[in-house]
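Just so you know, all these numbers are worked out from the coordinates, no wet-lab data involved. Values in this document were obtained by computation on a predicted structure and should not be read as measured data. Using ideal geometry, Cβ is built from the backbone for each residue, glycine included, and neighbour counts are taken over all protein chains shown.
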Amino acid sequence: MCGRFTQYRSREAYLEAFGDRPEREIAYDPEPVGRYNVAPGTRVLLLNERDRALHLDPVQWGYSPVWWHKQPLINAKSETAATGKMFKPLWQSGRAIVMADGWYEWKRDGKVKQPYFIYHQNGGPLFFAAIGKAPFDKEDENEGFVIVTAASDKGLLDIHDRRPLVLTPEAALGWMSQDTTPAQASEIAHDGTVPAGDFAWHPVTKAVGNVKNQGADLIDEI
């Protein structure tokens, strides 16, 4: 699953991965976002396409439609989200991207749980597939978003059996595109992911378990 991640680069650093494509309606801002411990229930900068242009909107992480009377959901499985009652409408018209640098997972060793920070080996930005209640610029109508997850494989299985569905920049553009059909989005979710072998990870401080802790030292290897 994905229960915490980082979004600390500047928006420009993330958007550079897409080159000049496509048109964007996003104000230039070179300042780092600076979030080293993004938690559910907080607003997250969510990349999405509207009117054939990219937009960046602050949207709450956690999906809770008006008829849902339980805790907001924060993840959706890629294997079932496209067809299940809860997420099918979001898969059809609410596909978006969470720009990130890495995510945290806790590995249990006996009675002890050790957090790990997982990131791309080349240090580059990551693009998590997400789905939510569009349009994302209408705060009063928005019901939040969830991060799409996939089954882990290779070495990542040693940390956790699920991981965020991380897309390549090209696949991320296709995922968000208004021209992409739900069936094509399913193909992207299957074929456009970053391989598990491209990730690295290391143990980090247990201070990441407290959402009040937000310093850059949270991602340092211990």
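Data table
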read-out: The chain: relative contact order in percent, alpha carbon pairs under 8 Å with at least 6 residues between; value: 22 percent
read-out: Amide proton proximity set for A39, modelled H, under 5 Å, gap of 5+; value: none
read-out: Segment Y28-K113, extension gain: residue separation times 0.36 nm, minus the distance between their alpha carbons; value: 26.6 nm
read-out: Calculated [θ] (222 nm, deg cm²/dmol) that DSSP helices of n ≥ 4 give over the chain, each run adding -39,500 (n - 2.57); value: -3500 deg cm²/dmol
read-out: Efficiency of FRET between R50 and D217 - r from beta-carbon atoms, R0 30 angstrom, step 0.05; value: 0.20
read-out: Set of aspartates and glutamates near K138 by C-alpha distance (under 13 Å), chain-local residues within fewer than 8 positions excluded; value: D57
read-out: Residue-by-residue Karplus 3J(HN,Hα) for region 103-109, coefficients 6.51, -1.76, 1.60, Hz, glycine and proline x; value: 9, 9, 9, 9, 10, 8, 10
read-out: Rg/Rh for the chain, where both radii come from Cα atoms and Rh is the Kirkwood radius; value: 0.94
read-out: Label-to-label distance, nm, for residues given as D191 and K85 (7 Å Cα→Cβ offset); value: 3.3 nm
read-out: Total formal charge among the other residues, if their Cβ is under 10 angstrom from that of P22, Lys/Arg +1 and Asp/Glu -1; value: 0
read-out: Label-point separation in nm, V66 to E12, each point 7 Å along Cα→Cβ; value: 4.2 nm
read-out: Euclidean distance of C-alpha centroids, region 74-109 and region 183-222, integer Å; value: 14 Å
read-out: Range in the chain, longest, excluding exposed trypsin sites (Lys or Arg not before Pro) [loop by DSSP; at most 12 other beta-carbon atoms within 10 Å]; value: 139-211
